[in-house]
There are 4 protein chains.
Amino acid sequence: MKIRLGMVGGGSGAFIGEVHRIAARLDNRYELVAGAFSSDPQRCKESGEQLGIDPSRCYDDFATMAKKEGRKKGGIEAVAIVTPNHLHHAPAKAFLEAGIHVICDKPLTSDLEDAKELQSLVEQSGQLFAVTYNYSGYPMVRQAREMIANGELGAIRVVQVEYPQDWLSTDLEKSGQKQAAWRTDPARAGAGGSLGDIGTHAFHLTEFVTQLKVKSILADLNSFVSGRKLDDNAQVLMHFDNGARGALWASQVAVGHENGLRLRVYGEKASLEWFQEQPNRLHYSVLGEATRTITRGSDSAGENANAATRIPGGHPEGFLEAFANLYNDFADQIEAAREGKQITPSLVPGVGAGVQGVQFVETAVASAKNGGVWRSLE
Amino acid sequence: MKIRLGMVGGGSGAFIGEVHRIAARLDNRYELVAGAFSSDPQRCKESGEQLGIDPSRCYDDFATMAKKEGRKKGGIEAVAIVTPNHLHHAPAKAFLEAGIHVICDKPLTSDLEDAKELQSLVEQSGQLFAVTYNYSGYPMVRQAREMIANGELGAIRVVQVEYPQDWLSTDLEKSGQKQAAWRTDPARAGAGGSLGDIGTHAFHLTEFVTQLKVKSILADLNSFVSGRKLDDNAQVLMHFDNGARGALWASQVAVGHENGLRLRVYGEKASLEWFQEQPNRLHYSVLGEATRTITRGSDSAGENANAATRIPGGHPEGFLEAFANLYNDFADQIEAAREGKQITPSLVPGVGAGVQGVQFVETAVASAKNGGVWRSLE
Amino acid sequence: MKIRLGMVGGGSGAFIGEVHRIAARLDNRYELVAGAFSSDPQRCKESGEQLGIDPSRCYDDFATMAKKEGRKKGGIEAVAIVTPNHLHHAPAKAFLEAGIHVICDKPLTSDLEDAKELQSLVEQSGQLFAVTYNYSGYPMVRQAREMIANGELGAIRVVQVEYPQDWLSTDLEKSGQKQAAWRTDPARAGAGGSLGDIGTHAFHLTEFVTQLKVKSILADLNSFVSGRKLDDNAQVLMHFDNGARGALWASQVAVGHENGLRLRVYGEKASLEWFQEQPNRLHYSVLGEATRTITRGSDSAGENANAATRIPGGHPEGFLEAFANLYNDFADQIEAAREGKQITPSLVPGVGAGVQGVQFVETAVASAKNGGVWRSLE
Amino acid sequence: MKIRLGMVGGGSGAFIGEVHRIAARLDNRYELVAGAFSSDPQRCKESGEQLGIDPSRCYDDFATMAKKEGRKKGGIEAVAIVTPNHLHHAPAKAFLEAGIHVICDKPLTSDLEDAKELQSLVEQSGQLFAVTYNYSGYPMVRQAREMIANGELGAIRVVQVEYPQDWLSTDLEKSGQKQAAWRTDPARAGAGGSLGDIGTHAFHLTEFVTQLKVKSILADLNSFVSGRKLDDNAQVLMHFDNGARGALWASQVAVGHENGLRLRVYGEKASLEWFQEQPNRLHYSVLGEATRTITRGSDSAGENANAATRIPGGHPEGFLEAFANLYNDFADQIEAAREGKQITPSLVPGVGAGVQGVQFVETAVASAKNGGVWRSLE
């Protein structure tokens, strides 16, 4: 029986809402049955119609939805929250309190206190919670994680992670483009611009793959586009708990880059490089040996990568499939919960990862405001 | 209202059946409601259960399915045929005769006469017919086609197309691996081995993108693996109707290649290169100018590419999304047919492309048997 | 003591003459002391002055030069012949007869009989002879050869070699451009256009690396540029003596390619790919393993590659260094000859390779003229 | 008439000495006629013999050499100093005082005061001085500089430069390997390890290409290999005088990298990327347009690139050719000086660039020692 899913946000024209819907649909384990797609009732209704949702389950606001669906027989079991950052906390809280599992887009909240409150709520409620740091769903990202966990790199020394884009190279937000408008608005995005939107992805990827903790950071932030209030370029130095060093660069004014998330991890014995725009490949260099290109679906791929793979090597999987892997893994958790089984640890980022992401943003902003000083992340 | 879809073949464990199902599901326009998934009744039933199909609509054989679904109120509107090559013709015929649209995997049939019979049937029946030359669903393939149609390359001079794989480098078919077994068996695959399995894709891609006709071919075929009856390596020279020349290489013993379909088209003024394993890029070289890399979802992409695009540039789409584009386009046709509208010409390969593919195989085999001589494709 | 070198051709403005001079100079083993740089006495003299040659050793014609230098005490020990194709045979003959070693640009001659005559002369005279199939000088080409000789690929099955360029995409020869003019003129280039100029390189590379013999070929030639008398695009199918199959594509109208010589060799166990525009890398794929990128100067490079390497890995060597490797190896031969030592077999292509190249051109032309038929190369 | 050149250091077995010699030889404008190749008289003599130097001009020490050659008729006009860092200052001073032009390897000195003293001496003496920041000799590096100077990128916003290597991933210096030994020894290398050896190259490249000044830097240095006294990994943040921001990463423990110098410059309108291991290419992305790959020798290359190019596009030039470009340009200066002509500004890095490099090292070390704080470079 498919998992009954609701959605908050994601009305027609939204980008990430449609991504979540395709991801939920891809492996045929969810059924979207309810939604509060827009704060505009008319737009909400139209979105519901287009999606074939029963009109009685199209809600004008998330609070009503949480209440009604929480009580209803056959109500939704999980909700996807795909609103702008400042509108994550309230619905997440409402659905948790209504006994509904939550899939929340990143960053978890626009404020650290809110994030921590959600973390407490999750712990108290026993509900499941996922934060869609979707890049962790790529098979070759999981391959990298598995190889590092297996000691194939030896002790990690250096991590270079970067996430350059160019879509905010001009003052697009002034043109009324919605995606740009809320992401550059502190009231809706929170304290971080590129930091929150993409820096958090890079940061999560770093900790997810290395399974190291970043202990302290130093940030240099800038807004290159005139009149922009939030950072559009961020340089962050990182110290890891094992002594490793790293640098993170996030930019939305890096002309020529579409979605250039790239992670490089260097250990004593070997290194790995992964590039999101060619996600089916993982470059693996052992000291003194020729660099190898490990591919998804090949004999060189390990257990975690294979578990997240649908089609043979050479038939590229992409962004949507990686996103769907999170939905798929979360479905495993929900089904286990349904049956009262123990929830086994999963590769899906949880509320803890969400909190760390918000903390990363706030700490980086504080470091930069103080002229670029080292700040602990704990 | 979603399109009611049935499936012939694709029982659990099959590769291409699952690909068709994901493709049908991705854009939420089809609902799989019936199937004859396997000639083994037990396996058929289990597959149906896993897929959530009403048991009364899981059929032991395609003939019964065609008859019952054709008469039933709310019966399927379209069927996907995903069996081995020699089992395309009979079900395709049965469903066409039952008034049901057909989506057939490639090659259309294992025999040219059968292919031509289907072509006549399609013309008589007025039913819609798609052959899943799925590589034509990639946005950047359509971009290439559009650019050539717009004259951006000038007169085409040379086409180099290749499709190397390595999965049949050993006698895998002797191990009982199903995919290998039927593809290397003349009784099930037809006269072509690599020619039929992948050469037809390369051939279709060539004509699809250039919109030229290949007038004659000369083939050199070989079976490198001992005991193999069908070609596992094919070199084909091509003469085009406009005077262009080309070479097609298909191999399933090319160690190091997973699914290396690559098309290069050279015109008087410019050239294009597309590689399936990095499908979101199209290399475009104008004589005397620096080579450009056009990406899916970017400002440089044209109308056809954009129409086949779901997510922004830099967020890679892959094989499944391309496959889904054919399903999506075919859904447009079916909906038009439902409403009695004129079916506008579409980018979905039809029965004609299917016939040409089978003709390509038979002509290449005849050329090679005669020691490598030029043979007309007409 | 440096080797005393002369040059025929290569007057100021020539491309390949300057390449030979830099190659000779790079490792400091040759000294250019005499020349017949041009048939135009004034241009010859000026070239000599620029090169710091004693005016008394600047000759108006090669015949005089051969005679005088052959007799002179301290006369040249070797001569580099860098004239257009039709002017290779006569000077080569003259210098051999004068007891002077010869370095001749490729193709050896514009006519097979001439080539064979030179071969006989070399055998009779005991002089050393090199043909500058310079791509065989690249370290990673030699690495490929060594790996194949060591059996790392198993039995070779398929060879794909291509050499696309685009500089003759238009009728450049009509503009008076010298390089284009003689290369497209049957009287000066011989029977092959792209075949002779670059196809022979691709052919030599194939045999050099695989150490197989091409037994028979089938060619499809075309001249795309209006009014051009020689082929500017050549498709050649190849059968090898061990049963391997291959295709060779040479084109000078392939827009977007500068000097795109690429060799791919597929064996039972593994494959290799080398691309001239990134010559310090060799891609090595073992069946079932991740593809490796072997680099010049790295721990993965073998004896032959290392012997042809000057600087560490990651510090790219290029075309001139590869060319210089032939000069360097030939210097070893000359020094051995000086001292009356046995000449050990060398990687420098000799007169035999030269004859085979001319035979390749003539056989391909004959195959094409007969409509594309298989022709023996023996 | 060739320029008479001497050399200090570079005895047999040295890496960089041989590079300088090949570079000097490549374009036939220098003649090596004297040397103090080693502090070991025997080794010096043997090196001289191998190089064909008149024994009377093989000196046991640079001081004698400077004195004698400075006075001698037909004495050397220029000297190349290719010793370890701590042995640059004294010979440079001696030759300047002897009226001989100096080509000095980088970094200029191991100490800032020494560097400034040399700068004063150059100004007083009127002698010519070059520091071999050789990466500035690559044609496509000069192309990048020219494009930025022409405003093709608009105002520069971000610079990402990195120089990863892996040859010091282990404690190679303990094995007695000479190159490793002096580079990790503060007494011979100065205050910087990877900073001085490769960081200075990255820093110079940044300023050379952008023609911006780095105003202040913040450094995080580490020595990963146990017992190593100097940094083997350096993260440096940069603020430029025009408000641009940047990051520089130098590492000699980055497994998988041979000589991975990479520069990326992002402007308001466009960006450029250059990678030393594929030096004939320059990636150029204009906002909203498809990325272009500009190649050396192509129609897209500009004046500066073409002036530094010997052979056509697609025929790769490499590290030695780039190095030779500095020698070639410096020869222009020397010849102008010979003739008493005005020395026109040149692309060869001079003593000023040398001083800046040393200042970069000292400032970075000071920043890191203080816990990672911003320090002015002025």
Exercise. Apply 1/(1 + (r/R0)^6) to the Cβ-Cβ distance of A:Lys229 and D:Lys72, taking R0 = 60 Å, and write down the FRET efficiency to the nearest 0.05.
Key: 0.30
Quiz prompt | Two-site FRET efficiency, C:Asp241 against C:Phe15, from Cβ-Cβ distance with R₀ of 51 Å, rounded to 0.05 | solution = 0.90
Quiz item: Rg/Rh for the stretch B:106-184: what does it come to with C-alpha atoms and Rh from Kirkwood?
Solution: 1.09
Self-check item: Heavy atoms of B:Thr83 accessible to a 1.4 Å probe, total area in Å² rounded to 10
Solution: 20 Å²
Exercise. Between B:Asp299 and B:Glu113, take the C-beta separation as r, use R0 = 60 Å, and let me know the FRET efficiency to the nearest 0.05.
Key: 0.80
Quiz item: Does the stretch C:303-357 come out rounded, prolate or oblate, given a ≥ b ≥ c as the square roots of the eigenvalues of its C-alpha gyration tensor, rounded meaning a/c under 1.5 and, failing that, prolate meaning a/b above b/c?
Solution: oblate
Quiz prompt | Kirkwood-type radius of the protein assembly as shown, with distances r between different C-alpha atoms, in Å | solution = 34.8 Å
Quiz item: Which of the residues in the stretch B:231-259 lose at least 50 Å² of accessible area when you go from the chain alone to all protein chains together (probe 1.4 Å)?
Solution: B:Gln235, B:Leu237, B:Arg245, B:Trp249, B:Val255, B:Glu258
Exercise. Determine, for each peptide in D:128-138, B:228-238, B:366-376, B:297-307, the mean count of other beta carbons within 10 angstrom over its residues, then list the peptides with the highest first.
Key: D:128-138, B:228-238, B:297-307, B:366-376
Quiz item: Between chains D and C, what is the buried accessible area in Å², counting both sides, with a 1.4 Å probe and ligands, DNA and RNA left out, to the nearest 100?
Solution: 2500 Å²
Self-check item: Solvent-accessible heavy-atom area per residue, rounded to whole Å², over chain B at 1.4 Å
Solution: 34 Å²
Quiz item: In nanometres, what is the gap between the two model label sites at A:Ser175 and C:Lys2, each 7 Å from Cα along Cα-to-Cβ?
Solution: 6.2 nm
Quiz item: Inter-copy label distances at B:Glu289, 7 Å along the Cα→beta-carbon direction, one decimal in nm, shortest first?
Solution: 0.8, 4.4, 4.5
Quiz item: Are there residues in the stretch A:267-290 whose accessible area shrinks by at least 30 Å² when all protein chains are included rather than the chain by itself, and which are they (probe 1.4 Å, ligands and nucleic acids not counted)?
Solution: A:Glu277, A:Gln278, A:Arg281, A:Leu287, A:Gly288, A:Ala290
Quiz prompt | Approximate shape of chain B as ellipsoid semi-axes (Cα gyration tensor, √5λ), whole Å, largest first | solution = 32, 26, 19
Quiz item: Which percent of Cα pairs goes in each bin when the distances of the stretch A:1-153 are cut into 10 angstrom slices starting at zero?
Solution: 11, 40, 32, 12, 4, 1
Exercise. Step through the table entries B:Lys213/C:Lys178; C:Lys68/D:Lys45; A:Lys229/D:Lys269; D:Lys178/D:Lys369, compare each Cα-Cα distance with 26 Å, and write down the pairs that go over it.
Key: B:Lys213/C:Lys178; C:Lys68/D:Lys45; D:Lys178/D:Lys369
Practice problem: Put a label point 7 Å from Cα along the Cβ direction on C:Glu152, then list its distances to the equivalent points in the other copies in nm, shortest first. | Solution: 2.1, 3.9, 4.0
Quiz item: What is the mean number of Cβ atoms from other protein chains located within 10 Å of the Cβ atom of each residue in peptide B:291-304, rounded to a whole number?
Solution: 4
Quiz item: How would you rank B:242-251, D:239-248, highest first, on the average number of other Cβ atoms within 10 Å across their residues?
Solution: B:242-251, D:239-248
Quiz item: Taking the Cβ of A:Leu26 as the center, what net charge do the other residues with Cβ under 14 Å away carry, scoring Lys and Arg +1 and Asp and Glu -1?
Solution: -2
Exercise. Sticking with the crude label model, points 7 Å out along Cα→Cβ, report the distance from D:Lys369 to D:Lys341 in nm, one decimal please.
Key: 4.7 nm
Self-check item: Expected 222 nm ellipticity per residue - DSSP helices of 4 or more, -39500 (n - 2.57), all of chain B, to 500
Solution: -10500 deg cm²/dmol
Quiz prompt | Projected area, mean over directions - the stretch C:211-341, Cα convex hull, nm² | solution = 12.3 nm²
Quiz item: Residue separation times 0.36 nm, minus the C-alpha to C-alpha distance between C:Phe275 and C:Thr64: what's the value?
Solution: 71.7 nm
Exercise. Enter the mean number of other protein chain beta carbons within 10 Å of the beta carbon of each residue in A:24-35, as an integer.
Key: 2
Quiz item: According to the Kirkwood expression over distinct Cα-Cα pairs, how big is the hydrodynamic radius of the stretch A:94-242, in Å?
Solution: 17.4 Å
Practice problem: Would you mind giving the mean number of other chain beta-carbons within 10 Å of the Cβ of each residue in A:160-173, as a whole number? | Solution: 3
Quiz item: Can you pull the percent of chain D's accessible area that's carbon plus sulfur, 1.4 Å probe, other chains left in place?
Solution: 46 percent
Practice problem: Output the peptides A:272-282, C:100-110, C:12-22 sorted from most to least packed, where packing is the average of other Cβ atoms within 10 Å over each peptide's residues. | Solution: C:100-110, A:272-282, C:12-22
Practice problem: Check the axis relating chain D to chain C and name the residue of D whose C-beta is nearest, distance in whole Å. | Solution: D:Gly318, 2
Quiz item: Of all DSSP beta bridges located in chain D, what percent are antiparallel, nearest 5?
Solution: 60 percent
Quiz item: So what is the relative contact order of the stretch A:1-93, in percent, for Cα pairs below 8 Å that sit 6 or more residues apart?
Solution: 36 percent
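The values are calculated or read from the model by the stated rules, or taken from the named source; none is laboratory data. Bear in mind that the values here come from a model prediction, so they are computed numbers and not experimental data. Heads up, the Cβs are rebuilt from the backbone with ideal geometry, glycines too, and the neighbour counts pull from every protein chain shown. Remember, those area values only see protein heavy atoms, side chains included, never the ligands or the DNA or RNA. Shrake-Rupley method; radii C 1.70, N 1.55, O 1.52, S 1.80 Å.
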